[in-house]
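The values are calculated or read from the model by the stated rules, or taken from the named source; none is laboratory data. Remember, it's a predicted structure, so these values are computed and weren't measured experimentally. Quick reminder, even Gly has a Cβ in these numbers, built from the backbone with ideal geometry, and neighbours come from all protein chains shown. Heavy atoms of the whole protein, side chains included, go into the accessibility calculation; ligands, DNA and RNA do not. Shrake-Rupley method; radii C 1.70, N 1.55, O 1.52, S 1.80 Å.
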Amino acid sequence: MNPSLVQVLERGDIRRGDAFAVAPAPTLASGFARLDAELPGGGWPRGALTELLTEHEGIGELGLLLPALAALTAAGQTVMLIAPPHATHAPAWAAAGIRLEALRLVLPRRPRDALWAAVEALRCGGVAATLLWLDELFRGQLPANSLRRLQVAAGEGGGGAFCFRPAQLAAAASPAPLRLQLQPAGRQLRVQLLKRRGPPARQAILLDIARPADFSPRVSHVVAGTVLPDAADSRRRTRVAA
């Protein structure tokens, strides 16, 4: 092969059509060997947006991220939850291996505040992973330019970025380099890789996901702790799980 072409192919933003792209930063192991084998770099990307598209809530979408989040918080790294649709049950997170002192919860009331908080969290090098639930605040669909802002911010901060979105947006264009569609399959979770920096996935993956009954996002328990200033008014406060 031409030496100049070899040099081009070694760039992180260039790949062969039949091969995975080289991850620009070390990936984060998902905790599921079958899934890691299908992800470029062998794990969840850092510095890039990952979309998780679900038919409805509570099918195991959080369980898919728990091993990675537990590893991050065990190392004392911060995990942010931005605008989750339901109140958070701290004992369930702790039972799943999450260190609560490393978990932060931000509850913006307005779409623009939610987007601001998401961008700032993603840009912050001190946040190892950010989980986002934003589409509902934007009347069902986050604008394309907002998605691009999130992708750019993730690249600046270098942490994991996970955006939960409705399954009906699976066919919509997105700047996210990794998109997964999640569906319940009995006691398992069916994972279809819709988009990745590599060849198209040939088939869906079935994973055994732990789904403790009290971990459901519908559980109506609120954890109050250290407060953070709201995006729009520093005098108004949002609750943070601590």
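Backbone geometry of segment 53-69 corresponds, through the Karplus equation with coefficients 6.51, -1.76 and 1.60 at θ = phi - 60°, to 3J(HN,Hα) couplings of 9, 10, 5, 7, 7, x, 9, x, 5, 6, x, 5, 9, 4, x, 5, 5 Hz, x marking Gly and Pro. Per-residue Karplus couplings for segment 30-37, computed as 6.51 cos²θ - 1.76 cosθ + 1.60 with θ equal to phi - 60°, are listed in order as 7, x, 10, 4, 5, 6, 4, 5 Hz, Gly and Pro entered as x.
Peptides 157-166, 26-35 ranked from most to least packed, by the mean per-residue count of other Cβ atoms within 10 Å: 157-166, 26-35.
Here the Karplus curve 6.51 cos²θ - 1.76 cosθ + 1.60, taken at θ = phi - 60°, turns the phi angles of segment 126-139 into couplings of x, 9, 7, 8, 10, 9, 10, 10, 10, 4, 4, 5, 9, 6 Hz, with x standing for Gly and Pro. Between the amide H of L81 and those of R104, L105, V106, L131, distances stay under 5 Å, these residues lying 5 or more places away or on another chain, with hydrogens modeled in the peptide plane. Taking amide hydrogens as placed 1.01 Å from N in the peptide plane, the amide H of C163 sits under 5 Å from those of T50, E51, L52, L132, each at least 5 positions away in sequence or on another chain. Rolling a 1.4 Å probe over the protein heavy atoms of segment 117-188, with every protein chain left in place, gives an accessible area that is 49 percent carbon and sulfur.
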